[in-house]
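**Student:** I'd like to ask some things about the structure below.
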Amino acid sequence: MNLHDARRRRRLSWEQAKRDLGYRDGDPLNLGRLCADRHVDEGRGERVALIHEDHEGQVRRYTFRDLMELSNGWARFLSDQASVCQLDRVCLFLDRTPELYAAFLGILKTGAIAEPLFPVFGEDALTARMLDSGAAAVITSRRHLGKLRRTRSRLPDLRTVVVVDAEPGGQGLRQGEMAFRMEDHRDARFSAAATHAESPSVLHYTSGTTGAPKGALHVHGSVFAQYLTSKVVLDIRDDDVYWCTADPGWVTGTSYGIIGPWSLGATQVVLDGGFSSERWYGTIERHRVSVWYTAPTAIRMLMKDGLDPVRRRDLSSLRHACSVGEPLNPEAVRWGREAFGLWFHDTFWQTETGAIVVTNLPGMPVKPGSMGRPFPAVEAAIVEPGTGVPIAEAGRVGLLAIRPPWPSLMRAYWNNTAAYYGKFLNGWYVSGDRASVDDDGYFWFCGRDDDVINTAGHLVGPFEVESALLEHPAVAESAAIGKPDPVSLEVVKAFVALRPGFEASEELELDIMNFVRKRLSPLAMPQEIAFVDRLPKTGSGKILRRMLRARELGQSAGDLSTMDGG
Ligand code: PRX
């Protein structure tokens, strides 16, 4: 069926997802059960859910029955032995191991809230997120235990650290740390908590311009949006092998790396390990990947390695490809055509929206450089900043806005009601991205309306970087901006004024870079540091990041007068 067909677009609604999933309003709903047990109950238990390839290339396969039993084991252990209660926040601080995926579902089965954390986070990044959420437990591996131990004294609510690969008998563990070997704890039955569509499920932290990162809280009913968009946008079908390249530390890796595909009962590939074009093409070839969801930075990195590595492989299994997280440049779309004979379909959404809201549907003509059109069950518009009044005129830039409610819209920012309500204006959820719409209803991304840095599809808050910089003994003042980068879209650039007694040098620059990398993450590490005497500020002492950015882009001071909020 051609989804571009107008009748079909009109008919698509979240109700269809509910019908497909056999859900009636008011029914109990538990994401852990829905993504695993339901498939066993409905006779699909022996279907492969997860093809897992570890960093050494070893492949293991898990069926939906395995997922059910392993997540039951997690749920029983967490509630009976780790004293996890409903609505407790349980962090996942793991590489992309099978434990991460089964534990995510197990946490949801207990009625607790899963809080995935990116495994490269350093101590400050971890502390900020776990302190704000008041996390009661964290699941980790020996590799990451040291970082957690160093944060523990700052986390009064943290009761239990679960280690998935501890020595037999838990040797070497300290008080408050527990060993849990997943494979020893399969359980055929666990009666999942009686959660419903509005029960909290997942807490994802995301960076803003000001203040610490904010926790976007989602509910079990988000699945109606993730299910329908996985089916219609990603076009995942029964016989597909699907590969989402994102880590569950970021929302793409949970909404479309766990919930979406497994709510459909699809087989998905997970690759634990870093990027290399050889390894990525090998993954597609070896596992006959047919649907691929990735990001523009990854595509640009593949482009850099040229067509030869593509030609050496049989990638004929690929049928559909999508992209998310940053603007997908027209060259990348054209290269995708040449390399794989496929259009990369751009999709737009955010941690807060929980699921794709603007997109190129399969079968719809792609305009390279455009994000596509609103998903058929979604109402989107470009609105005036300040008033939230929709702009009718094609081509005029305003703020991209979505009409609430929809199933996967966040229900709160954890501990931050004011910031949550600040996202709504004149009956719209306002994304904070600038965009325009053309005569055919296609949306075009122009840029963010704030100072958040988008590096390789990951948002980095300048405030978090600046706070980390200020902890360095040599730093008196700091500012962080996004500097345009041909591969990663932007990289972090820092401006630093030194304390008396410190001299700018290459060694000091490296030392400060490493300091931020360790405390926050490699993504947040400045790739460049400019030592300055002082930083430009407003009368009230606020650092003018936009002036620094304008200078960086070679714009004149005159251009600044046209910059909003400067
Ligand atoms: O600025 C937009 C950019 O990424 C932001 C959302 O980031 P995050 O909450 O981390 O979620 C990323 C994965 C959904 C947006 O506000 N962004 C996302 N998709 C696109 C995009 N920018 C341009 N084009 C896109 N397709």
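The values are calculated or read from the model by the stated rules, or taken from the named source; none is laboratory data. Keep in mind that this is a model prediction, so the values were computed, not measured. Counting neighbours? That spans all protein chains shown, and the Cβs are built from the backbone with ideal geometry, glycine included. Areas reflect the complete protein model, heavy atoms only, side chains present, ligands, DNA and RNA absent. Shrake-Rupley method; radii C 1.70, N 1.55, O 1.52, S 1.80 Å.
**Student:** In square angstrom, what is the accessible area per residue of the stretch 455-553 with a 1.4 angstrom probe? Walk me through the numbers before you get to the answer.
**Tutor:** On the way: 4750 Å² over 99 residues.
The answer is 48 Å² per residue.
**Student:** Okay, moving on. Taking H as built 1.01 Å from N, whose amide H comes closer than 5 Å to the amide H of Gly432, not counting residues under 5 places away?
**Tutor:** Hits under the 5 Å cutoff: Leu400.
**Student:** Here's a follow-up. Rounded, prolate or oblate for the stretch 455-553? Axes are the square roots of the Cα gyration tensor eigenvalues, ordered a ≥ b ≥ c, and the cut-off for rounded is a/c under 1.5. Mind dumping the intermediate values first?
**Tutor:** Values: a/c = 1.61, a/b = 1.14, b/c = 1.42.
Cα axes put the stretch 455-553 in the oblate bin.
**Student:** Given +1 on the Cβ of Lys and Arg, -1 on the Cβ of Asp and Glu, and no further charges, what dipole in debye does the stretch 62-194 carry about its Cα centre, rounded to the nearest 20? Display every interim value, and only then the final one.
**Tutor:** Values: 18 positive and 17 negative charges, 42 e Å.
Dipole magnitude for the stretch 62-194 comes out near 200 debye.
**Student:** Could you order peptides 396-409, 141-154 by the average number of other Cβ atoms within 10 Å of their residues, highest first? Display every interim value, and only then the final one.
**Tutor:** Values: 396-409: 19.9, 141-154: 15.6.
Ranked from most to least packed, the peptides come out as 396-409, 141-154.
**Student:** Also, I was wondering about something else. Convert each backbone phi in the stretch 231-246 into a coupling constant with the Karplus relation 6.51 cos²θ - 1.76 cosθ + 1.60 (shift: θ = phi - 60°), then list the ³J(HN,Hα) values in order as whole Hz, x for Gly and Pro.
**Tutor:** Computed from phi, the couplings for the stretch 231-246 are 6, 8, 8, 6, 6, 6, 10, 3, 9, 7, 10, 10, 9, 9, 7, 7 Hz.
**Student:** Counting heavy atoms of the protein chains only and a 1.4 Å probe, report the per residue accessible area for the stretch 199-255 as a whole number of Å². Intermediate values should be presented prior to the final figure.
**Tutor:** Numbers: 1140 Å² over 57 residues.
Roughly 20 Å² per residue, with all protein chains present.
**Student:** Around Ile139, which amide H atoms from residues at least 5 apart in sequence, or from another chain, sit under 5 Å from its own amide H, with H modelled in the peptide plane?
**Tutor:** For Ile139, the qualifying residues are Cys91, Leu92, Phe93, Val162.
**Student:** Over the stretch 421-516, what percent of the accessible surface lies on carbon and sulfur atoms, probe 1.4 Å? Mind showing how you got there, number by number?
**Tutor:** Values: 2080 of 3930 Å².
That share works out to 53 percent.
**Student:** So if I place +1 on the C-beta of Lys and Arg and -1 on the C-beta of Asp and Glu, and nothing else carries charge, what would the dipole magnitude of the stretch 455-553 be about its Cα centre? I want it in debye, nearest 20.
**Tutor:** Details: 13 positive and 14 negative charges, 97 e Å.
Taking the Cα centre of the stretch 455-553 as origin, the dipole is about 460 debye.
**Student:** Between Leu87 and Phe424, what is the FRET efficiency for a Förster distance of 30 Å, r being their Cβ-Cβ separation, to the nearest 0.05?
**Tutor:** Numbers: r = 25 Å, r/R0 = 0.82.
The calculated FRET efficiency here is 0.75.
**Student:** Out of all DSSP beta bridges in the chain, what portion is antiparallel? Express it as a percent rounded to 5.
**Tutor:** Working: 49 of 87 bridges.
DSSP beta bridges in the chain are roughly 55 percent antiparallel.
**Student:** Two decimals, Cα atoms only, Kirkwood Rh: what is Rg/Rh over the stretch 5-93? All intermediate terms of the calculation are to be shown ahead of the outcome.
**Tutor:** Numbers: Rg = 17.4 Å, Rh = 16.1 Å.
Computed over Cα atoms, the ratio is 1.08.
**Student:** Assigning unit charges at the beta carbon (Lys, Arg +1; Asp, Glu -1) and nothing else, what dipole magnitude in debye, to the nearest 20, does the chain show about its Cα centre?
**Tutor:** About 720 debye.
**Student:** Projecting each Cα onto the charge dipole of the chain (Lys/Arg +1, Asp/Glu -1 at the beta carbon, about the Cα centre), which of Ala225, Val465, Thr127 comes out farthest on the positive side?
**Tutor:** About the Cα centre, the residue reaching furthest to the positive side is Ala225.
**Student:** Tell me, what ³J(HN,Hα) does each residue in the stretch 267-277 have, in order and in whole Hz, if you take phi through Karplus 6.51 cos²θ - 1.76 cosθ + 1.60 with θ = phi - 60° and put x for Gly and Pro?
**Tutor:** Coupling constants for the stretch 267-277: 8, 10, 9, 10, 10, 8, x, x, 7, 8, 4 Hz.
**Student:** Separate question: Can you find, among Leu523, Pro484, Pro536, the residue farthest towards the positive end of the dipole of the stretch 455-553? Put +1 on the C-beta of Lys and Arg, -1 on that of Asp and Glu.
**Tutor:** The residue sitting most towards the positive pole is Pro536.
**Student:** Once you have the Kirkwood Rh of the stretch 298-340 from its Cα pairs, apply Stokes-Einstein at 4 °C and 1.567 mPa s and quote D in µm²/s. List each step's numbers first, then the result.
**Tutor:** Details: Rh = 11.2 Å.
Translational D for this selection: 116 µm²/s.
**Student:** Next question, about the same structure. Residues with amide H under 5 Å of Val491's amide H, sequence separation 5 or more or different chain, H placed in the peptide plane at 1.01 Å from N; which?
**Tutor:** Long-range HN contacts for Val491: Lys483, Asp485.
**Student:** Additional query: Need one number: nm distance between label points at His196 and Ser505, each 7 Å from Cα along Cα→Cβ, rounded to one decimal.
**Tutor:** 6.6
**Student:** If N is the number of residues in the chain, what value comes out of its Cα radius of gyration divided by 2.2 N^0.38 Å?
**Tutor:** Numbers: Rg = 23.3 Å, N = 566, 2.2 N^0.38 = 24.5 Å.
The value comes to 0.95.
**Student:** Let me ask something else about it. Determine the principal axes of the Cα atoms in the stretch 62-194, then give the extent along each, sorted from largest to smallest and rounded to whole angstroms.
**Tutor:** Extents along the principal axes, in whole Å: 38, 32, 24.
**Student:** Using a 1.4 Å probe on the protein heavy atoms, what percent of the accessible area of the stretch 62-194 belongs to carbon and sulfur?
**Tutor:** Numbers: 2240 of 4930 Å².
Accessible surface attributable to carbon and sulfur in the stretch 62-194 totals 45 percent.
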